[in-house]
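Contents: one structure, followed by commentary.
What follows draws every value from the coordinates through simple rules; no lab data is involved. From a predicted model like this one, the values you see are computed outputs, not experimental measurements. Counting neighbours? That spans all protein chains shown, and the Cβs are built from the backbone with ideal geometry, glycine included.
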Amino acid sequence: VERVLRPSGRAALRAAFWLGALGLLVIGLGEAQHAWARRRAQDDAARAAARLERVLGRGQELSRAVSSAAEAAAALPEAHGALAGDRAALARLFRALEELRGLLPQRPALAIESASGQLLAWAGPVYDRYLPRGEPPTQTRVQVVAGSVSSVLAARTPLRQADARLAGTATAELTLQARRRIHNAYLSDFDRLSENQPGIEVRYLGPSSLPARVPDPPPAVHPHARMASWQAPDGTPLATVRVLPPPPEDEGRELASRYRRAASALLCLAAICFAFAGAPGPAWLRLVLGSTILRFVLLALGPPWPGPHSPLRSPDTYASTLPGPAFLSGLVASPVDLLFTTAWALVLALTLLRHALATRPEPSYLRPLLADLAGLPVLGVLFSVVFDTSLNCSLDLETLSLLPRDAPILTMHLALAGMVATGGALLAALSAWAGRFPGGSRGLLLRAAAWAALGGAAYRFWPREVIGLPLLPALALFLIASLAGQLHSSLWRSLGPVGVTLTGAAAAAAVVYPSLVHFGEKSTRLQVERDHAPQILRQPRWREYVLAETRRRIDALELLEVEPPGPHPPVLEELAFAVWSATDLAAFGFSSAIELHDASGRLISRFALDLPALGAPAPLPGGPAWTWSAERLALGSVERPVLHARKQLVYHGELHGAVHVYVGDDFWDLPFLTDRDPYSVLFRSAAAPGVRSRPLGLLVYNRQGGLVFSSAERPPALGAELAARLRGAQGGRLWTTLVVDGRPAHTFLFQDASHFYGICYPRLEPGRFAADLLETVAAIAVVVLAGLLALMALRDLLGRSTLSLHGLAGVVGRRFSLRLFVAFVAVAVLPVIVLQFVVREFVTDRLRRESERQALELAAIARKAVEDFALLQRRAPDGTRPVTDEALVYIASLLRNDLDVFEGGRLLASSKRELYASGLLPSRVSGDVFRSLALEGQPTALRTETIGGFSYLAASVPVRLDAAEPGLLSMPLALRQREVEAVLGDLYRAIRLASALFLAAAALLAQSMARRISGPIRELTGATRRIAAGDLAARVKPASRDELGELTDSFNQMASDLDRQRRDLEQSNRLAAWAEMARQVAHEVKNPLTPIQLSAEHLRRVFRDGGADFPATLERCVATILGQVESLRRIVTEFSAFARPPAAVSEPHDMRELIEDVLSPYRQALPPDVKLEVELPAGVPPVRGDRRLLERAVVNLLENALQAVGERGAIAVRLAAHDGRVEVRVEDDGLGLDPEIRERVFEPFFSTKTGGSGLGLALVKKIAEDHGGGVTLTSQDGERTRALLWLPADDARAAPAEAARGAR
Amino acid sequence: MRKTLVLALLALALGAAGGTASAQSLPPGLQTRLQRIETAFQQGDAGALHGSFATSGKLRVDLEGLTEGQETYGARQLQVIFGQIFGEFRTRDFRFAPEEVSVPSPATAFARGRWTRAGRREPVERVETLTFTLREEGTDWRILEIRSSR
């Protein structure tokens, strides 16, 4: 990767330097800015005053907004018709109010009242209890209505007729503050005036605020606190505002943070440029250094993205610690930190792997065994880290959708896959370093046996309590990595870089998912045994403890110390909720109820969570001290055990009222149980969706085996055999599998003196496991593929030709099989996408329609029940209300759906009173539902309601209550909607998975078809190339009888003809060559014979003549004869060497060393004016061949060059590697060769030298060709001559050596 | 002997109103652990607090406004979370009220601590009540749950 990413070396280094310098400058600027801002912010009083001014300014804006909203509502022309009693005008007024509300920026609720105070029309959430009461104002009036839970800003304006008589009022109301003290994924408290900033205290002032409020905390003390009153335009005080100056440290902090992020981005870029620079130093070292710098820049400055408040950087999602200095723990302090750290570790591991792959170990028994043993701790550490990660992560890591919408889960999965890939790379490095056992296939069998023995020993002796290794994934990883280490060359060749990356990612994901399931299962079992089971047993004590603390808290609240003036203000309804939310009953989400009674014992305020029916009001408690008892509350045939605490509220000896606290005494409060009530998430401190671990169920049986409690709808019976087993089990506890709700579930059974308990969770079915595994693998592969495509696009932008989209298109364009493959896949993708979309839309639509139809049918049944109940109620002697909460709770329990009944648009009764009592829902039905059912006569209405971030569908129908006002019945469908959404979620998942599988199958089929079509063509191409290279024995096996088969036959025929012709030609050439050879031999041998003959005759003549100088003549003639004989021997030797077949000793040789050896004797013997330049770089791959012949080839080239330069000149010898071949260049600056000579220099016996045999260069050519290489000579008359001898690099080592060369 | 003592303590605890136990009647291991927790909070030392967490499995923690709802966390994860909390807020005081420490069953204790803290970048001081559930592990007591209370 580093090779293809590499920009030009020096430019990248320069970029790294300047980016780094700029980053440091930005850090300095940020710090200076922060320091300056802090210095400027030293004046506390001035900052407090400015802050107060801002808050009051916000208040004025809100006042203006509600005033103008009320005035705009009053100006609606439809209002007059509606006030005159026109029913059609009233329907139009509802519409007009809704439209007007949609246009207003703050979207306040709007209402029109008649002069008598009757609410005629409304839009938005209208809380009757907060509507200002009293005489209609003469002009627009703004006031605050402060309640226990909420405070509302309301503007009221008169609505006058044409004759200026008062016809009614228009009201706009905006919730200023919510203080429910409940925080969850859907709701949070807010204050519009302070905007939730600490140090701003707001007390809203309203006519009915005092008696019903839970006391506020005492104000914070500060010398520079400023206070002022926020007033309405007419001077009415609306709130008191007290502000503290913001601390100076905070000034400029955001800006400094932005500087840090910018600096982080610059320094990261600098590190990347450095890592991929071309020089200096080894590439691997720069990569290691660059990635290390990058990681520590991110650690020190934080990543430029995502921001500090992202869940990707939240330890709530994931965090862990590392041994050593504290700052190192920042490496694993959040999901994104873990991902960066894993990526860094992966780079280091891949670097190690690359070095290991470059070694070529001799087969041995010891190294592989040592490597296998070393692999065990690697596996141990790897899976310990995976376990630690799953333990310290709050996310449900076992779920990953193919289209991930949850970035933290995807980040964690990528990090885990990276971890496994790192471990895999280390194992592969060990395997590559180890090499193989000697003995070929026998060695392979021995190795397999060694692995089996090692695996068996590991399985037997592995410390499971310390490192709970998931055996199968670990074994799979070990085998995959070991084989990859052994077969890396063929893998790289067959898959290419993209294929290897994708396969590696998929393999890592395939190991990650089962590991997570293993650890998840282990963690769940541990949690069930050690946490949940004891929690169940201690729950009664915990409930009593919380009740005791609740009583203490209620005592501190001094409830009803100031008696509410009678009649009780409407806001008093919320007081019980305010009290409940101020106690631990709310903090821990207990099923509970708070009731407040006045001094006469009349119920004045009540809030209940999951304790709906309490029957008749409890009598006044006996005294001011708390008393409590265990009771059973009945709803029809069902009884609910509760703890009931109560006391009188007595102040200064005077009875002010009483308080009753009820706490459900059953198992629904256990925090690990999933509540079936969809609204429970609104009242409990619940984790965000996606964080929850697997759902657990609880079964409780008495000692006789009778079911006492079940969180499941279809609980199993506890058979006598199982009960006996449990009684006899060690520790009185055991794990078993029971069928719960029709599905097998792992169940932990345990007991105490009175009960048997079972905690269960669904067993993961093999089909589901396989589907999830596939989905995880596909999702991670898709993400990695997307990353690769992004990288390619980036390289396109940078103008790179390799690993770019352009390059990919080029490769596809050049290869017929790839084109076919892409075409087949494209043809498959389009219908799959269309089909997926159509099926999805169709099924969703059908399911939703069916769900709505069922809901309306249910509403019809509920209407019948409510109408019958109302009829019976009217006949009862004390039937004042047609429907009661208790009745609706009963009907709702039969229908398994909540119900609300409205009369004249106002809530009459509800099975979910807590939603209204807590102020989460307004007590008015939505305006457009009222309009369409009550005014326009529609039979049904479906509308989406929202509570904070919680939305649900509600079906409404008219209901006959025989009252003056029209009755409406509304059914919130949250539970059904949740069920439908779960079904749809599963369906979408199944569709996506099926599509992915179909596409994968289509891709495999496309690959197969493309190969079958392009295979013969590729074979023909290959054979043609072989023939072009001289291999006339090349043939192609016909694969079919079609046109391609005919082409193959014709090709084979052509090759046979060519082969035959060449043999004929070779025969004739050989004869000619022999003739030429004989001629040359005769010619060469004849030349020395003449001097020999002449010398011999001369010697005989001198001897016969008896010359006095005979000895001298003898000496001279013998010398001549011996010289010529020597010449003959040399000629014969050279002929012999030329004709001799190449030696069979073939070994890899380092050409650098070989050339050095050849040059060594020449360096001393060179003429003084001949300069020898040698360039032998390191890292050139070796050449396989006969060393003696290779040396001879180099010597001949060198000799030629020496003869060309004579006594003066320069010779250069250079070694290089290029495109898989090793090149030796010998250059001289001699006279050069003219073209005619140059063409013949490689012919045997051709020589321009007087003493040359003409075989030197011919021999070089023969040696080169025998080694699979060649030789060329380039020269022009009078210029330099360049001889190039090239030889193929040794295959097995060419790739890494080439990479090393490239890296330099 | 120890079992008898624990049962006696339990009986004493149940006999008291609401199951609370006085500081004198607390098991010594629990008392030491509570003191260590107090010290860890007072010194803002997340590492020391980590030593008080249960040694296996996850812990249930719900700190209003500081964690994202009621969830279970690993011990190391909680160490980092508390490290961040202690970095953000300076502890002015942390005390367990002796009358609000309860040992309702032999191996379980509930304790409420008042935590007075001020944001390092806020001018306001807040008082938070945290309820701890502790489990007996050998002779030691470890935190199982921490929840914000009212």
Practice problem: Quick one: check the C-alpha center-to-center distance for the range A:854-925 versus the range A:60-135, whole angstrom. | Solution: 27
Quiz item: To the nearest 10 degrees, how steep is helix A:885-895 against the longest Cα principal axis of chain A, on a 0 to 90 scale?
Solution: 40
Practice problem: Run through all the Cα pairs of the range A:796-839 and give the fraction in each 10 Å bin from 0, expressed as whole percent. | Solution: 26, 32, 28, 13, 1
Quiz item: Residue by residue, what Karplus-based ³J(HN,Hα) values in Hz, rounded to whole numbers, does the range A:180-188 have, using 6.51, -1.76 and 1.60 with θ = phi - 60° and x for Gly and Pro?
Solution: 8, 6, 10, 10, 8, 5, 10, 10, 8
Quiz item: Relative to the first principal axis of the alpha-carbon coordinates of chain A, what is the inclination of helix A:766-797, with its axis defined by its Cα atoms, in degrees from 0 to 90 and to the nearest 10?
Solution: 60
Exercise. Compute the distance in nm between two label points, each set 7 Å from the Cα along the Cα-to-Cβ direction, one at residue A:704 and one at residue A:1021.
Key: 8.4
Self-check item: Residue mean of other protein chain beta carbons inside 10 Å, A:538-548
Solution: 6
Quiz prompt | 5 angstrom amide H check on residue B:120, placed H, neighbours 5+ away | solution = B:89, B:90
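Given Cα pairs under 8 Å that are at least 6 residues apart, what percent is the relative contact order of the range B:14-150? Please report the intermediate quantities before stating the final value.
Numbers: 265 pairs, mean separation 35.2, N = 137.
Dividing the mean separation by the residue count of the range B:14-150 yields 26 percent.
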Quiz prompt | Extended-chain gain in nm, criterion 0.36 nm per residue less alpha-carbon gap, residue A:1070 and residue A:1039 | solution = 7.4 nm
Quiz item: Hey, how much of the P(r) for chain A falls beyond 54 Å, as a percent of Cα pairs?
Solution: 48
Exercise. Mind checking which of A:292, A:134, A:655 is farthest towards the positive end of the protein assembly as shown's charge dipole, using Cβ charges of +1 (Lys, Arg) and -1 (Asp, Glu) about the Cα centre?
Key: A:292
Quiz item: Which order, highest average first, do A:965-972, A:102-109 follow once you tally other Cβ atoms within 10 Å for each residue and take the mean per peptide?
Solution: A:965-972, A:102-109
Quiz item: Lys pairs in chain A, Cα-Cα under 28 Å, at least 8 apart or on separate chains: how many?
Solution: 9
Self-check item: Gain in span if fully extended, residue A:801 to residue A:1047, counting 0.36 nm per residue against the direct Cα distance
Solution: 85.0 nm
Self-check item: Using a Förster distance of 45 Å, the FRET efficiency for residue A:631-residue A:45 (Cβ separation, nearest 0.05)
Solution: 0.15
Quiz item: So what are the ³J(HN,Hα) numbers for the range B:143-150, from phi and the Karplus equation (6.51, -1.76, 1.60; θ = phi - 60°), rounded to whole Hz, Gly and Pro as x?
Solution: 6, 9, 9, 9, 9, 5, 10, 8
Quiz item: What FRET efficiency do you get for residue B:90 and residue A:1054 if R0 is 60 Å and r is their Cβ-Cβ distance, rounded to the nearest 0.05?
Solution: 0.10
Quiz item: Which whole-number percent is the relative contact order of chain A (Cα, under 8 Å, 6+ apart)?
Solution: 8
Quiz item: When only Cα pairs under 8 Å and 6 or more residues apart are kept, what is the percent relative contact order across the range A:861-988?
Solution: 22
Exercise. Could you pull out the chymotrypsin sites (Phe, Trp or Tyr not before Pro) across the range A:294-332 that fall in loop regions by DSSP (anything but H, G, I, E, B) with no more than 16 other Cβ atoms inside 10 Å?
Key: none
Quiz item: Angle, helix A:533-557 long axis vs. longest principal axis of chain A, Cα atoms, 0 to 90°, nearest 10?
Solution: 50
Quiz item: How about the range A:1133-1242: which GluC sites (Glu not before Pro) there lie in a loop by DSSP and see at most 13 other Cβ atoms within 10 Å?
Solution: A:1207
Exercise. Give a residue-ordered list of calculated ³J(HN,Hα) values for the range A:666-682 (Karplus: 6.51 cos²θ - 1.76 cosθ + 1.60, θ = phi - 60°; whole Hz; x for Gly, Pro).
Key: 9, 9, 5, 7, 4, x, 8, 7, 7, 6, 7, 6, x, 8, 4, 5, 7
Quiz item: Where both residues lie in the protein assembly as shown, what percent of DSSP beta bridges are antiparallel, nearest 5?
Solution: 95
Quiz item: Which distance in Å, rounded to a whole number, links the C-alpha centroids of the range A:1032-1065 and the range A:492-517?
Solution: 42
Practice problem: Taking H placed 1.01 Å from N in the peptide plane, check which residues at least 5 places from residue A:1289 or on another chain put their amide H under 5 Å from its amide H. | Solution: A:1221, A:1222
Quiz prompt | Structure-based [θ]222 nm, chain A - -39500 (n - 2.57) summed over DSSP H runs of at least 4, per residue, nearest 500 | solution = -18000 deg cm²/dmol
Practice problem: Taking amide H positions as placed in the peptide plane 1.01 Å from N, state which residues far from residue A:640 in sequence (5 or more) or on other chains have amide H under 5 Å from it. | Solution: A:633, A:634, A:635
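Run the numbers for residue A:871 and residue A:1274: contour at 0.36 nm per residue of separation, minus the present Cα-Cα distance, in nm. Each step should come with its number before you reach the end.
Working: separation 403, 0.36 × 403 = 145.08 nm, distance 11.51 nm.
Fully extending the segment from residue A:871 to residue A:1274 adds 133.6 nm.
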Exercise. Quote the FRET efficiency, to the nearest 0.05, computed for residue A:1175 versus residue A:1085 with a Förster distance R0 of 35 Å and r equal to the Cβ-Cβ distance.
Key: 0.25
Practice problem: Using a 10 Å cut-off on Cβ atoms, rank the peptides A:298-309, A:513-524 from the highest mean neighbour count down. | Solution: A:513-524, A:298-309
Quiz item: Residues of A:527-534, mean number of Cβ from any other protein chain within 10 Å of their own Cβ, rounded to a whole number?
Solution: 4
